1. Measure off 7 Å from each Cα along the Cα-to-Cβ vector at A:Thr125 and A:Thr267, then give the distance between these two points in nanometres to one decimal.
2. For the range B:1-124, just say rounded, prolate or oblate: build the C-alpha gyration tensor, square-root its eigenvalues into a ≥ b ≥ c, call rounded for a/c under 1.5, and beyond that prolate if a/b exceeds b/c, oblate if not.
3. Whole angstrom only: what separates the Cα centroid of the range B:149-193 from the Cα centroid of the range B:83-135?
4. Give me a single rounded figure for B:318-328: the average over its residues of other chain Cβ atoms within 10 Å of their Cβ.
5. Averaging sequence separations of C-alpha pairs under 8 Å and six or more residues apart, then dividing by the length of chain B, give the relative contact order as a whole percent.
6. In this model, which of B:Lys139/B:Lys164; A:Lys139/A:Lys164; B:Lys169/B:Lys306 are farther than 25 Å apart at the alpha-carbon?
7. When each copy gets a label point 7 Å from Cα toward the beta-carbon at B:Thr252, what are the spacings between them in nm, shortest first?
8. Which of the aspartates and glutamates could a cross-linker span from A:Lys135 if the Cα-Cα distance has to be under 20 Å and same-chain partners fewer than 8 positions apart are dropped?
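Taken together, the values in this text are just the output of simple stated rules run on the coordinates, not laboratory data. Bear in mind that the values here come from a model prediction, so they are computed numbers and not experimental data. Backbone-built Cβ (ideal geometry, glycine too); neighbour counts: all protein chains shown.
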There are 2 protein chains.
Amino acid sequence: MIETPYLLFLGDAPDQLAAKVAQGIKDWRPENAVGQFRLPGCGADLKLQDMTLAEAKEAGAKTLVIGVANRGGVISAAWKEVLKEALAQGYDIASGLHNLLRDEGDLVAAAQMFGGTLHDVRVPTVWYPIANGKKRTGKRCLAIGTDCSVGKMYTALAMDAEMKERGMKSTFRATGQTGILVTGHGVPLDAVIADFMAGSVEYLTPDNDPDHWDHIEGQGSLFHVSYSGVTMALIHGGQPDALVLAHEPTRTHMRGLPDYDLPTLETLRDTALPLARIANPNVQVVGVSINTQHLSDDEATAYLEKVEARMGLPAVDPYRHGAGRLVDALGAL
Amino acid sequence: MIETPYLLFLGDAPDQLAAKVAQGIKDWRPENAVGQFRLPGCGADLKLQDMTLAEAKEAGAKTLVIGVANRGGVISAAWKEVLKEALAQGYDIASGLHNLLRDEGDLVAAAQMFGGTLHDVRVPTVWYPIANGKKRTGKRCLAIGTDCSVGKMYTALAMDAEMKERGMKSTFRATGQTGILVTGHGVPLDAVIADFMAGSVEYLTPDNDPDHWDHIEGQGSLFHVSYSGVTMALIHGGQPDALVLAHEPTRTHMRGLPDYDLPTLETLRDTALPLARIANPNVQVVGVSINTQHLSDDEATAYLEKVEARMGLPAVDPYRHGAGRLVDALGAL
């Protein structure tokens, strides 16, 4: 649907975490990332070549992908200038922002003038049903986090990739704009109307072969008061058979909520498991996924060993060390 | 905003529960309910006078209120006939259905022709913020249910009425179409976009006097897989100081989910309290609200005594016996 490859627009991202959409594309579809475009003051760097619009166009880029989050914000004048110039140079634009491209009159006008397409991947394109809670065939795995942005999507993508490598039946099910941009389809869950959240997850993860696994992209956290409702809908709509606990050990408070501490992995497990059992009495916590990107190799190894001993579960960084042990843990289910 | 009084349209409601919007208006604003309008086969009866459109018009009705739920459904041809005739006779129409009046071309045309107004109270009219989780001044009480439709709204309305009678500072905060139709304002929470649910509840229940109580209308249930995400957002956005457990003792399974059992009140308490403490560490469960409408007087009294002894909390049916003891229980906070 969205023409590839992409030029990844990082704008004036305050930090690396704000550019996680672009990072996800680069990490999971590197062949689609021709380069990065940054504005002055940008605090993110994907270690891709910095390119002008013209340079990237010459390198084959078809779509300018807005690869940076703006927290409930607006599309700034500085961004607009680049986006309009991109349209003038023949790009399409794809965005997962709440603030829609299609709501910006000047972008719509420029797109019309130059024949470009504006893709708002956050907008649901389906009339989702209300969840019916019926038990579905096939297996489902969901990563749930102590906080937002701790590696839930990476965990699901890594487990899916590992299973595919092993020749197992597996599908990554995208529930956010990054996942949708990476895989080309999914449910933009945080933009779904409240009553239909769980139903949209049921829709996304339908009946399947008994030995097929859906790896559902997690969202938010039960402990993040801004987004916990979305997480709850994922747990009940997804009716997972397996939960993976996801954590980023250097986080000092809940993302965006300076007054809120992160829960322990034990608290996350003990909170999530009874809630997940409502939809699937057989659900089990199968492993722990630690995002060790801010730890050295030695620190990461030591931390994972400690968590593994403490929790009695395989604890890995699937991005750094592969998801093999997490996939092994699914075998028992 | 919506002109009163109303003629309450019950349509072909399959049962009494399906007409809970109309019942709520009749119970809490009886002065606004001129009569009821029923179609053949209607299984609901508000014990209001059945009136034709013309009779109700003559009795002063200004707005035809659709007082019946249709589960994610459509506006049928039989309904349309009545709605168009009502517009022709000079009524406005108000509706809380997902299926919007404004999306029905023939209703829009009739409204324009006859100068009537179509009110879709389910549609959010505010651009809600993302929740910031900051501690707000004032007190908040939230009823949480073992299931949907067990009396959470009635509990909040009754506690609000009782506090007002005592001269205490109190506001009922509507989060659903019935509450909004009853009070004239609120947040249509189940129609809010997922990411903004908790923020909309923060918006609805802002800083207030230290001795002021918001009685927040509950929605769904943590144990109802179709709507648990909405309930979660209410708990975290509302950051309640007090929780009231709500239950309907004759329910044999979760509403609309035949394969799902109701939790016990103990399980509800033990599940909700740790989740509520994330947003407000001081939250307490102060009482139990039992919907005894399907019990005799003796049965109700016996059941309430049993629950009160079991839970160690005041247990009342606020609609049948008044909310005095629940309001008393807030006094300690």
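1. Distance between the two pseudo-spin positions: 4.1 nm.
2. rounded
3. That distance is 20 Å.
4. Per residue, the average neighbour count from other chains is 0.
5. 15
6. Check vs 25 Å cut-off fails for B:Lys169/B:Lys306.
7. Here the equivalent label points are 5.8 nm apart from this one.
8. Leaving aside aspartates and glutamates fewer than 8 places away in the same chain, those within reach of A:Lys135 are A:Asp195, A:Glu202, A:Asp207, A:Asp209, A:Asp211, A:Asp214, A:Glu217, A:Asp241, B:Asp147, B:Asp259, B:Asp261.
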